[in-house]
Amino acid sequence: MNLGRLPALVRTTTFRLALVHASIFIVFAASLLGYLYYETAGQLDRQANGELNAEFQELSAAYRGGGFDRLNQAVIERSQARGKFFYLLQDADGAKSAGDFDVLPAQAPPLGEVVDVKFNYDARTPGGEPSRRSAEGRISRLAEGGVLLVAYDVGDLGEINRRVSTVVWRSALVGLVLSLVGGVVISRSAARRAEQLSRTTEGVMAGDLSRRAPVAGSGDEFDRLSQQLNAMLAKLERLVVSSRSAGDSIAHDLRSPLTRLRNRLEAGLKETEPDAQVAALARSIDDVDGVLATFNAILRLSRVQAGATGSFRRLNLVEIADELSDLYEPVCEEQGLAFEYVSDGELWVHADRDLVAQAMANLLDNAVKYTPVRGRIQMRAQRERDGAFALVVADSGPGIPEADRERAVERFVRLEQSRSQPGSGLGLSLAAAVAEAHRGELRLGEGLGSGSMPGLEVALVLPAASSKAITGGRMKLIRREPDAVT
Amino acid sequence: MRVLLIEDDADAAQFVRGVLSDAGHNVDVCGDGASGLNQARSTEYDALVVDRMLPNMDGIKLLTSYRDSGGRAPALFLSALGEVDHRVEGLQAGGDDYLVKPYAPSELVARVEALGRRGNTESPATRLSVGGLEMDLLARTVVRDGVKIDLQPREFRLLEFLMRHAGQVVTRTMLLEKVWDYHFDPQTNVIDVHVSRLRGKIDKDFDRPLLHTVRGAGYRLEA
């Protein structure tokens, strides 16, 4: 591990959580191991201690019953029986009277007290080898003089004790290390994901809008966060790019009419004929109106694209289509175009009436503009195969080659053949923006023509209003509409 | 008409005053919200023209206060804020119409005159009459010089609007807003086509035309 980064690591929430987990683990392990010790080594210890007590009691009883001699006799018998215990009985002068040891391992206590001792002694194995062994015992001073030591060998018991405590301590240590290492590993992986997210946002703030947070594919919280962040960045990027391109387009699309206007005014200034001056002024006003119209269209498009406008409510697309067919049918007729309108029942959507109507008016304007005389224009309000609803405008004009269709909905793009026609080039872009504002889409395809005049068909596809709202007319629409702005 | 213009931009105020004066109206000008409100309360006007952005009291607040204190003169908002939301806000504050800057002078005159007329004819008429043209709003029939004229529902509404504003210039935008309730500018001449259809029905077989085209402005229905 890189120690230089440790402090940063320690500051992370995950690391702290790991530390808390490690502490809890240690407390748990310590209790478990303590209990284990109590039940094994501790139990043996207590058992030996109890037996020592009993032995001492019996010898004390013998002393009380028959005095020193009786005790002496008992010690000799027990010592010879080679039982569990070892003995030493000293007389009042301190000389060995009976037993297995020759000297006391410790100072005898005053009368009436006992002292527990641990000591080593030398013994011989059955094979005759000398060996040093451990023992624990109890020393007591006798009432009429003399000292008694009763001890037991702890060789085996001590070994078990030591092993158990070793196991307990080692387990505790290993557990501590493992839980700390685990905590650090988990903390580092979480910290790394957070670090990636933070690097992404730093990159974006530094101006690189194409940066995206990595998605591991595990679908965990970090992945969801990354996906949302990426969706947000994608939208942000689109908006920034479109506002940049709007700036370029404003420069491009407004500069030429403004230049024309300037030239006309200058020419008008040089005119001496009053009529010519008036005519120049009148045409200048037309030019300014055109510039203003384009300008308004740009602003409106920007607002729609930014999702900053519209009052969305439940409405029937067919009603909008009825009104629009009513509005445009005479226009088509006047232009020598056959107009056909087909609608299908009721198509309820959640939409802004003015935006949808404007988008469709743009499509109808385009159709009227580009379809040659004796052509056909058709408007349809229909259900799509995927359950969405669509308003469709189809014509028998020149259409848009498939390769150009995607580009055609971009801002200000006016395909070469349409350059000669008046218009801002924002009609399709606005329709696309309106579709997007409704979480729908704009689909372009071939229209009613054939051969060199395939025609264009543009469908404004909007998602159907939720079925709850359809079945219960009085039900309140609970779902919050993300695009509704008040 | 006596018009009060409340507008802080002196150039714009001068221009509007000129446009309305040329159309034959009396115009008083106030340069800020507070004095505008005082002036509107102290004098009877036929129409108010109020800029939305004003120093020390914005147009919305001004009109709200004016209406709260019982002021009844119809009001037109002038604003650079053209979104539907803003428009609705203006109308809710007691405005009768809403015009987005920049606008054509003819549009302004037409709308101000339409306001003045509205103030005079609040009573619900059941019959409208212009020259020999008669409209029965209840039976929904139109008769000219005794000849019944068949109109589509939309044509009927179009004619009704024109007749209610007889003698005044009505712009294409006004028609699109008031008759169709659309707040955008179509690029094709949809309104002209509808008006010319209507004209075909009410004027074609008669000697004297009633529906006139006003160049550069709109239409006027006049006997």
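For the stretch B:64-103, taking the residues that are within 14 Å of another protein chain (Cβ to nearest Cβ) and of a type in the set (A, V, I, L, M), the one that is farthest from A:Leu301 (Cα to Cα) is identified as B:Leu91. Within the stretch A:108-127, can one find any residue that is touching a residue at least 60 places away in the same chain (Cβ under 8 Å) and among the polar types (S, T, N, Q)? Checked the stretch A:108-127: no residue is touching a residue at least 60 places away in the same chain (Cβ under 8 Å) and among the polar types (S, T, N, Q). For the stretch A:333-368, what are the residues that are touching an Asp or Glu at 6+ places or on another chain (Cβ under 7 Å), outside any helix (DSSP H, G or I) and within 14 Å of chain B (Cβ to nearest Cβ)? The one that is touching an Asp or Glu at 6+ places or on another chain (Cβ under 7 Å), outside any helix (DSSP H, G or I) and within 14 Å of chain B (Cβ to nearest Cβ): A:Phe339. Every listed requirement among (1) at pLDDT 90 or above; (2) within 14 Å of another protein chain (Cβ to nearest Cβ); (3) out of contact with any helix residue (DSSP H, G or I) (no Cβ under 8 Å at 6 or more places or on another chain) is met by B:Met163 save one, (2). Screening B:Met174 on (1) touching a Phe, Trp or Tyr at 6+ places or on another chain (Cβ under 9 Å); (2) in a helix (DSSP H, G or I); (3) farther than 30 Å from A:Asp289 by Cβ shows it passes everything except condition (3).
Can you find a residue in the stretch B:104-113 that is within 13 Å of chain A (Cβ to nearest Cβ), in a loop (DSSP other than H, G, I, E, B) and either on the phi < 0 side of the Ramachandran plot or basic (Lys, Arg) (or both)? The answer is yes; a qualifying residue exists.
All conditions in (1) within 14 Å of another protein chain (Cβ to nearest Cβ); (2) crowded, with 17+ Cβ neighbours inside 10 Å; (3) within 29 Å of A:Asn296 (Cβ to Cβ) hold for B:Leu151, with the sole exception of (3).
Among the residues of the stretch B:159-177, the ones that are closer than 16 Å to B:Met135 by Cβ and among the acidic types (Asp, Glu) come to 1 in all. Just one residue in the set A:Arg188, A:Arg212, A:Arg133 is basic (Lys, Arg), under 20 Å from A:Ala106 (Cβ atoms) and surrounded by 14 or more Cβ atoms within 10 Å (Cβ to Cβ); that residue is A:Arg133.
Regarding the stretch A:280-289, can at least one residue be identified that is closer than 30 Å to A:Val240 by Cβ and either acidic (Asp, Glu) or in a helix (DSSP H, G or I) (or both)? It would help to see each step written out before you state the result.
Our first condition is that a residue be closer than 30 Å to A:Val240 by Cβ; within the stretch A:280-289, this holds for none.
Scanning the stretch A:280-289, I find no residue that is closer than 30 Å to A:Val240 by Cβ and either acidic (Asp, Glu) or in a helix (DSSP H, G or I) (or both), so the answer is no.
Anything in the stretch A:62-100 that is surrounded by fewer than 19 Cβ atoms within 10 Å (Cβ to Cβ), over 19 Å from A:Gly145 (Cβ atoms) and not basic (Lys, Arg)? List them, or say none. Those that are surrounded by fewer than 19 Cβ atoms within 10 Å (Cβ to Cβ), over 19 Å from A:Gly145 (Cβ atoms) and not basic (Lys, Arg): A:Glu77, A:Ser79, A:Gln80, A:Ala81, A:Gly83, A:Asp100.
Out of the residues in the stretch A:302-315 meeting the condition of being among the charged types (D, E, K, R) and at pLDDT below 90, tell me which one is surrounded by the most Cβ atoms within 10 Å (Cβ to Cβ). Residue satisfying both the conditions and the ranking: A:Arg303. The set of residues from the stretch B:201-221 being closer than 15 Å to B:Ala104 by Cβ and either within 14 Å of another protein chain (Cβ to nearest Cβ) or buried (at least 17 other Cβ atoms within 10 Å of the Cβ) (or both) comprises B:Arg215, B:Gly216, B:Ala217, B:Gly218, B:Tyr219. Say whether the condition of being away from chain B (no Cβ under 12 Å) and at pLDDT below 90 is met by at least one residue in the stretch A:316-332. No: zero hits. Taking B:Ala104, is it within 15 Å of B:Val170 (Cβ to Cβ), in contact (Cβ under 8 Å) with a residue 12 or more places away in the chain and in the same structural domain as B:Arg17 (by TED's automatic domain parsing)? Yes, satisfied.
Every residue, every condition in (1) within 15 Å of A:Val103 (Cα to Cα); (2) of a type outside the set (Ser, Thr, Tyr); (3) at pLDDT 75 or above, yes or no:
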site	(1), (2), (3)
A:Thr125	no, no, no
A:Arg133	no, yes, yes
A:Gly137	yes, yes, yes
A:Leu173	no, yes, yes
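Hey, can you tell me all the residues within the stretch A:383-403 that are closer than 18 Å to A:Glu329 by Cβ and not in a loop (DSSP other than H, G, I, E, B)? Talk me through it step by step, then tell me what you get.
So the first thing to find is which residues in the stretch A:383-403 are closer than 18 Å to A:Glu329 by Cβ, and the list is A:391-397.
If the condition is that a residue be closer than 18 Å to A:Glu329 by Cβ and not in a loop (DSSP other than H, G, I, E, B), then A:Leu391, A:Val392, A:Val393, A:Ala394, A:Asp395 are the ones that fit.
Please determine whether any residue of the stretch A:176-194 is within 30 Å of A:Asp45 (Cα to Cα), in a helix (DSSP H, G or I) and of a type outside the set (Val, Ile, Thr). Within the stretch A:176-194, one or more residues are within 30 Å of A:Asp45 (Cα to Cα), in a helix (DSSP H, G or I) and of a type outside the set (Val, Ile, Thr). Of all residues in the stretch A:411-424, none are in a loop (DSSP other than H, G, I, E, B), closer than 24 Å to A:Asp344 by Cα, under 44 Å from the mean Cα position of the chain (by Cα) and modelled with pLDDT under 90. Can you confirm whether the stretch A:293-313 contains a residue that is closer than 30 Å to A:Pro372 by Cα and either assigned by TED's automatic domain parsing to the domain that holds A:Val356 or charged (D, E, K, R) (or both)? Yes, the stretch A:293-313 contains at least one residue that is closer than 30 Å to A:Pro372 by Cα and either assigned by TED's automatic domain parsing to the domain that holds A:Val356 or charged (D, E, K, R) (or both).
Tell me the strands (runs of 3 or more DSSP E) entirely within the stretch A:65-143 that contain at least 1 residues that are of a type in the set (Gly, Ala, Ser) and farther than 17 Å from A:Ala54 by Cα. Lay out the reasoning, then the answer.
Numbers: elements: A:85-90, A:96-99, A:114-124, A:130-141.
The qualifying strands (runs of 3 or more DSSP E) are A:96-99, A:114-124, A:130-141.
A:Ala267 falls short of the stated requirement of being of a type outside the set (Ser, Thr, Tyr), in contact with a Gly (Cβ under 8 Å, 6 or more places away or on another chain) and away from chain B (no Cβ under 12 Å). Taking the stretch A:46-73 as the range and being out of contact with any strand residue (DSSP E or B) (no Cβ under 9 Å at 6 or more places or on another chain) and either in contact (Cβ under 8 Å) with a residue 24 or more places away in the chain or over 30 Å from A:Val167 (Cα atoms) (or both) as the test, the residues that pass are A:Ala54, A:Gln57, A:Glu58, A:Ala61, A:Ala62, A:Arg64, A:Gly65, A:Gly66, A:Gly67, A:Asp69, A:Arg70. Return yes when B:Val195 is modelled with pLDDT of 90 or more, within 21 Å of A:Ala359 (Cβ to Cβ) and within 11 Å of chain A (Cβ to nearest Cβ) and no when it is not. So B:Val195 does not fit the description; no. The residues of the stretch B:42-76 that are among the hydrophobic types (A, V, I, L, M, F, W, C), over 20 Å from the mean Cα position of the chain (by Cα) and buried (at least 21 other Cβ atoms within 10 Å of the Cβ), listed by number, are B:Leu54, B:Leu62. Within the stretch A:333-346, being under 17 Å from A:Ala459 (Cβ atoms), modelled with pLDDT of 90 or more and surrounded by fewer than 16 Cβ atoms within 10 Å (Cβ to Cβ) holds for A:Glu340, A:Val342.
Scanning the stretch A:273-303 for residues that are within 34 Å of the chain's Cα centre (by Cα) and more than 10 Å from every other protein chain (Cβ to nearest Cβ) returns a single hit, A:Ser302. The condition (being touching a helix residue (DSSP H, G or I) at 6+ places or on another chain (Cβ under 7 Å) and surrounded by fewer than 15 Cβ atoms within 10 Å (Cβ to Cβ)) is satisfied by just one residue among A:Ser243, A:Ser256: A:Ser243.
The values are calculated or read from the model by the stated rules, or taken from the named source; none is laboratory data. Everything numeric in this text was worked out from a predicted model, so none of it was measured. When we count neighbours, we look across all protein chains shown, and the Cβ atoms used for this are built from the backbone with ideal geometry, even at glycine.
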